[in-house]
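Undergrad: Before we start, here is the structure in question, set down as structure tokens.
The values are calculated or read from the model by the stated rules, or taken from the named source; none is laboratory data. This one's a predicted model, so the numbers in the text were calculated from it and none came from an experiment. With ideal geometry, Cβ positions are generated from the backbone for all residues, glycine too; neighbour counts draw on all protein chains shown. The area values use the complete protein model at the heavy-atom level, side chains included, leaving out ligands, DNA and RNA. Shrake-Rupley method; radii C 1.70, N 1.55, O 1.52, S 1.80 Å.
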Amino acid sequence: MGLFGFGRKKHAEEEAKENETDKAVDTAEDAETASDDSEENEATEERADRQPTADGERGENQGPWDVDDENIPDYDDYLDIGSLYLPFLQGIELRLKGNRQTNQILGATITWGDSSLELEAFAAPKSFGLWDDVRSDLMDANRGAEEQEGTFGTELILPVKVGKKILKTRIVGVDGPRWMLRGVFSGPAATDEGSEEKKTLDKYFSDVVVERGEEPLAPRDLIPMHPPIGPAERAKQAAAEGEIEDGEDSGESKAAEIPGKPKGPLSKTLETETQTTLRRGPLFSEVR
């Protein structure tokens, strides 16, 4: 009896030890799974919040800026084209890409020296950034595309055929709150790392201010633009709106109208074109 009783006790002790071992293994596996889930969640959150630039996070100490950023620079002297506020830079020219039938503006191109910068702002989801997906689509659709780390995080070098020539462009994307600003650099600003034109247009891109607006838009939809309104016109518009709010209509309501072709401080020439040399089609792989 004693041996039987001792054996049962010993078996019970061994069974208890096995149970404790199983529990320890399960606990370790659960901890490992939780760690993996935590890392995955952190990676997802990091992707959602990532807005890489050379000097820090977008909206903290470097642009492109959103109109609601706390540290946004004073953009009273910028040219307003709807979704974008464009800074003044001596010697640059602005061209607007538009549809002549609808009078819709589809993009803006800044030219400085032998380089150019094409700007477009697109609607993006609230939950995550758009640039990673767009960059992946461009890589899939363009065999010669190459990724590189640059001033604004992961950038794309993309050869584009213009006439009989093949030119290299540098495509940059920065994610903001519900928007993505895309810049297409060409000329020395695209390929010459030490050139003054690259430094200047990189700085110009980082100084742009984006206004997403409250209009419902699907992801990748172009955020609407309008003909340029200079600082003086905006000041008159603000004054007129202030007087109307106070119940004093001074008869200056015409200042609130968007002029068809105003002379802003941004450039010597303002044109509306059917298209520029860099079309949106080859740069975006989309199904409409």
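Undergrad: Please find, among 145, 108, the residue that is among the aliphatic types (A, V, I, L, M) and in contact with a helix residue (DSSP H, G or I) (Cβ under 6 Å, 6 or more places away or on another chain).
TA: Numbers: 108 fails: in contact with a helix residue (DSSP H, G or I) (Cβ under 6 Å, 6 or more places away or on another chain).
One residue alone meets the criteria, 145.
Undergrad: Sticking with this one: When the residues of region 89-102 are narrowed to those that are closer than 20 Å to residue 199 by Cα and out of contact with any Lys or Arg (no Cβ under 8 Å at 6 or more places or on another chain), which ends up most open to solvent (accessible area, probe 1.4 Å)? Outline the logic, then answer.
TA: Our first condition is that a residue be closer than 20 Å to residue 199 by Cα; within region 89-102, this holds for 89-94.
Within this subset, residues satisfying the condition of being out of contact with any Lys or Arg (no Cβ under 8 Å at 6 or more places or on another chain) are 89-92, 94.
Numbers: 89: 45, 90: 135, 91: 48, 92: 2, 94: 0 Å².
Per the criteria, the residue is 90.
Undergrad: Could you list, in sequence order, all residues of region 103-132 that are open to solvent by 50 Å² or more (accessible area, probe 1.4 Å) and either charged (D, E, K, R) or part of a loop (DSSP other than H, G, I, E, B) (or both)?
TA: Those that are open to solvent by 50 Å² or more (accessible area, probe 1.4 Å) and either charged (D, E, K, R) or part of a loop (DSSP other than H, G, I, E, B) (or both): 103, 113, 114, 126, 127, 128.
Undergrad: All but one of (1) among the aliphatic types (A, V, I, L, M); (2) open to solvent by 20 Å² or more (accessible area, probe 1.4 Å); (3) within 25 Å of the chain's Cα centre (by Cα); (4) at pLDDT 90 or above hold for residue 232; state the number of the condition that does not hold.
TA: Every listed condition holds for residue 232 apart from (3).
Undergrad: For residues in region 60-88 being of a type in the set (A, V, I, L, M) and surrounded by fewer than 18 Cβ atoms within 10 Å (Cβ to Cβ), which is farthest from residue 123 (Cα to Cα)?
TA: 72
Undergrad: What are the pairs with Cβ atoms under 6 angstrom where one residue, in region 215-232, is touching a residue at least 40 places away in the same chain (Cβ under 8 Å) and the other, located anywhere, is among the β-branched types (Val, Ile, Thr)? Sequence gap at least six, or different chains.
TA: Between residues of region 215-232 that are touching a residue at least 40 places away in the same chain (Cβ under 8 Å) and residues that are among the β-branched types (Val, Ile, Thr), the close pairs are 225/81; 225/105; 226/258; 227/258; 228/81.
Undergrad: I would also like to ask the following. When you go through 217, 201 one by one, which is the residue that is in a loop (DSSP other than H, G, I, E, B), crowded, with 16+ Cβ neighbours inside 10 Å and more than 15 Å from the chain's Cα centre (by Cα)?
TA: Result: 217 is the single residue among 217, 201 that is in a loop (DSSP other than H, G, I, E, B), crowded, with 16+ Cβ neighbours inside 10 Å and more than 15 Å from the chain's Cα centre (by Cα).
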